[in-house]
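Colleague: Starting off with a structure, shown below.
The values are calculated or read from the model by the stated rules, or taken from the named source; none is laboratory data. All values reported here derive from a predicted model rather than from experimental measurement. Note that we place each Cβ from the backbone using ideal geometry, even for glycine, and neighbour counts take in every protein chain shown.
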Amino acid sequence: MRLTGFITAASVCLALQCARAADRQVPLSPPTRRIGYTVFAIGLLPVSAMFDRFQGVVTEDPAAPDACRIQVTVDVASMRMDDADRRGQALGPEMFDAARYPTMHFSGSCAPQSVTGTLTLHGVSRAVTFAMRRDGSQVICDGTVLRRDFGIVGMRDMVGPRVHIRLSVRLPPELGAGSEGSATPHG
């Protein structure tokens with residue numbers, strides 16, 4: 001009787017481990033994934049940037065397709081902008097201060113239409129929520145943060161207070177929800 005109880009408990013443990021092993025992991029790295037942001041210069045003109053180096057993972061449980069976990073770390077100095085002078089200012093001490101804060105990090109979890117977690121930027125960690133939508137095989141997370149909440153207060157006369165952030169992930173066909181989407185990331 002004791003041995004049967006042990007075998008049953010061991011079977012349950014093995015089944016749970018197998019279920020966890022069945023989680024699907026989608027790596028977050030270029031080129032099929034994009035991370036970018038948009039700010040407004042002088043409050044009117046959109047200025048966008050993309051990051052060329054980042055890594056992370058989206059973990060999905062096939063039994064709960066609307067739920068997931070996201071971890072991503074971005075190399076701030078990999079920022080790409082059309083204007084080299086503007087890029088230098090953005091990476092400098094008045095804005096991102098990439099020399100002191102070389103990475104930004106996000107860790108969170110998904111619900112059917114949002115992603116909630118912690119964004120660490122400029123040495124400050126804050127809870128944030130991004131809207132999430134699927135467009136075919138593409139998952140797009142959009143959100144807005146205030147620069148001052150992360151201690152980025154320089155260039156007030158030139159750059160607006162809000163930063164729009166977008167993470168765009170094209171899922172592999174086995175995870176996608178239909179045909180290829182047409183949404184494009186900022187930048």
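Colleague: Among (1) surrounded by fewer than 16 Cβ atoms within 10 Å (Cβ to Cβ); (2) at pLDDT 85 or above, where does V72 come up short?
Modeller: (1)
Colleague: Next question, about the same structure. Take the residues in region 51-74 that are under 13 Å from the mean Cα position of the chain (by Cα) and among the aliphatic types (A, V, I, L, M), then tell me which one is nearest to P27 (Cα to Cα).
Modeller: Going residue by residue through region 51-74, those that are under 13 Å from the mean Cα position of the chain (by Cα) are 51, 53-59, 68-74.
The next check asks that each one be among the aliphatic types (A, V, I, L, M); those that pass are 57-58, 70, 72, 74.
On the way: V57: 4, V58: 6, I70: 10, V72: 9, V74: 13 Å.
By that ranking, first place goes to V57.
Colleague: Six or more apart or on different chains, Cβ under 9 Å: which pairs go from a residue in region 110-125 that's in contact (Cβ under 8 Å) with a residue 24 or more places away in the chain and part of a strand (DSSP E or B) to one that's hydrophobic (A, V, I, L, M, F, W, C) and exposed (fewer than 15 other Cβ atoms within 10 Å of the Cβ)? Could you list them?
Modeller: Pairs found: C110/A67; A111/A67; V115/A131; G117/A127; L119/A127.
Colleague: Then there's this: Please state which of the following conditions R100 fails to meet, knowing it meets all the rest: (1) touching a strand residue (DSSP E or B) at 6+ places or on another chain (Cβ under 7 Å); (2) in a loop (DSSP other than H, G, I, E, B).
Modeller: Only one criterion is unmet by R100, namely (1).
Colleague: Oh, and also: How about region 75-90: which of its residues are touching a residue at least 24 places away in the same chain (Cβ under 8 Å) and part of a helix (DSSP H, G or I)?
Modeller: Within region 75-90, V76, A77, S78, R86, R87, Q89, A90 qualify.
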